[in-house]
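Report on the structure given below.
Just so it is clear, none of the values below were taken in a lab; they were calculated from the coordinates. What you see is a predicted model, and the numbers here were worked out from it, not measured in a lab. FYI the Cβ positions are ideal-geometry reconstructions off the backbone, even for glycines, and counts take in every protein chain you see.
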Amino acid sequence: HTKKNGRNGYSFFQPSMNTLAQNQLQLINDLWLAIAKNELRLFYQPKYGAMDGQILGFEALIRWQHPQRGLLMPDVFLPVAEKTGLIVSLGNWVINEACRQLRVWHLEEDPRWSVAVNLSTVQFEQAGLVETITRALAEHQIPAELLTLEVTETTAMREPEESIRILTELAALGIKTSIDDFGTGYSSLLYLKRLPASELKIDRAFVSELRPQSGDATIITAIVALAQTLNLKVVAEGVETQEQQAFLTRLGCDSLQGYLLGRPVPAGQVAQLRRSVVTGQEEERPSEPVEK
Ligand code: C2E
Ligand code: MG
Ligand code: MG
Ligand code: MG
């Protein structure tokens, strides 16, 4: 039912905007139900030791198997989840599901494997976080050292004193923490020094343009030096070429992640991924739909 466009033929809400708002509302509504309807999925992307090429563990990355729209990537629904507060229940689901999977791998695949879980700002600053995590570890009987929590540099530096308090609590429990997308935020070095994190994760933006002698090579060298000074490990994300892999290893990164080494895959394909690495077989690397 279309109404004539206002009094003087002008309407603030153009049909296209209406549709946009409707789509957002529909998305929020669907997302509420997605957990109960078991539509959320975790994909796992391997993380490798730079020197020995061993799988160290996996990063859990959320997907939404939407009944009509297919497999949705986090950038489609995480911002909405964050704005509506849905992120807390969604995040709790991620923590529990990742711990459940970690337990299975711990017993059946490799007891040294770790799993990293991403935390949004709202989750990180949520009062019950440490308790939720402690409970998940206990319930699934997982050594705390095998869980890594990733928070972005921007999240960690939002309320630095608060972050130091939370990270100190997590560290006391033995849980590892990673400062994600490092280099894209605005770190106070004074706070960074006091942050009891375990590793810095160099943002993909610095890796993708990487060539010897390029500005990004200089930045990565500086981040590695900084990390060594602060006693932190360094991970590089977004490794897509063998040149990048060789160069990042030479620059002193401890571990590497990226499409070259392994795309995010459902847990069921992880054993297969591992075998293909061990045997050096390249054929049929499981993949997810190409992004954007
Ligand atoms: P992130 O934690 O920095 O994760 C890395 C992103 O880069 C992932 O995108 C991953 O699939 C992608 N990636 C990995 N290797 C490569 C590569 O070689 N090349 C390129 N071009 N991309 C690569 P994804 O899965 O779409 O996740 C995007 C972001 O969404 C994540 O960034 C993280 O901030 C957030 N996220 C994902 N899962 C969760 C979750 O369970 N909870 C929360 N709070 N945030 C999540
Ligand atoms: Mg991450
Ligand atoms: Mg990242
Ligand atoms: Mg990111």
**Asked** Using the alpha-carbon atoms, what tilt in degrees (0 to 90, nearest 10) does helix 242-251 show relative to the longest principal axis of the chain?
**Response** 60
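Could you order peptides 222-233, 173-184, 258-269 by the average number of other Cβ atoms within 10 Å of their residues, highest first?
173-184, 258-269, 222-233
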**Message:** Counting only other residues whose beta carbon sits under 12 Å from that of Glu39, what net charge do I get with K and R as +1, D and E as -1?
**Reply:** +3
**Request:** Just flag the GluC sites (Glu not before Pro) in the stretch 44-103 sitting in loop per DSSP whose Cβ has no more than 15 other Cβ atoms within 10 Å.
**Result:** none
**Item:** Pairs of Lys in the chain closer than 29 Å at Cα, counting only those 8 or more apart or on different chains
**Value:** 17
**Fill in**
HN-Hα couplings for the stretch 57-67 via Karplus (6.51, -1.76, 1.60; θ = phi - 60°), in whole Hz with x for Gly/Pro, come out as x, 9, 9, 7, 10, 7, 9, 10, 7, 7, x
**Request:** Calculate how steeply helix 74-84 sits against the longest principal axis of the alpha-carbon atoms of the chain, using the helix alpha-carbon long axis, and give the answer as 0 to 90 degrees to the nearest 10.
**Result:** 70
**Fill in**
For Thr177, the residues 5 or more places away or on another chain with a placed amide H closer than 5 Å to its own amide H are Leu149, Ser198, Glu199
**Prompt:** To the nearest 10 degrees, how steeply does helix 160-172 sit against the main Cα axis of the chain, on a 0 to 90 scale?
**Reply:** 60
**Message:** Under the rule a/c < 1.5 gives rounded, and otherwise a/b versus b/c splits prolate from oblate, where does the stretch 54-105 land using the Cα gyration tensor?
**Reply:** prolate
**Asked** Which residue, chosen from Gly70, Leu20, Tyr259, occupies the Cα position most advanced towards the positive end of the dipole of the chain, where the dipole is computed from +1 (Lys, Arg) and -1 (Asp, Glu) charges on Cβ about the Cα centre?
**Response** Leu20
**Asked** Given only helices, namely DSSP H runs of n ≥ 4 each adding -39500 (n - 2.57), what is the per-residue ellipticity at 222 nm of the chain, to the nearest 500 deg cm²/dmol?
**Response** -14000 deg cm²/dmol
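Evaluate the charge dipole of the chain about its Cα centre and quote only its size in Debye, nearest 20, assuming +1 on the Cβ of each Lys and Arg and -1 on the Cβ of each Asp and Glu.
Values: 28 positive and 35 negative charges, 167 e Å.
Here the chain has a charge dipole of around 800 debye.
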**Request:** Using only the alpha-carbon atoms of the stretch 28-87, report the extent along each of the three principal axes, biggest first, to the nearest angstrom.
**Result:** 46, 23, 17
**Charge dipole of the stretch 179-234 about the Cα centre (unit charges at C-beta), most positive-ward option of Gln228, Thr218, Thr184** = Gln228
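Would you tally the net charge around Ile95, using a Cβ to Cβ cut-off of less than 14 Å, leaving Ile95 out, and scoring K and R as +1, D and E as -1? Don't jump to the answer; show the numbers that get you there.
Values: positive: Arg100, Arg103, Arg135; negative: Glu59, Glu97, Glu131, Glu139, Glu150.
Cβ neighbours under 14 Å give a net charge of -2.
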**Message:** For a protection proxy built on the mean count of beta-carbon atoms within 10 angstrom, sort 202-210, 129-137 highest first, please.
**Reply:** 202-210, 129-137
**Complete:** Across Thr19, Thr168, Thr221, the residue with the highest GNM fluctuation in the chain (Cα network, 10 Å cutoff) is Thr19
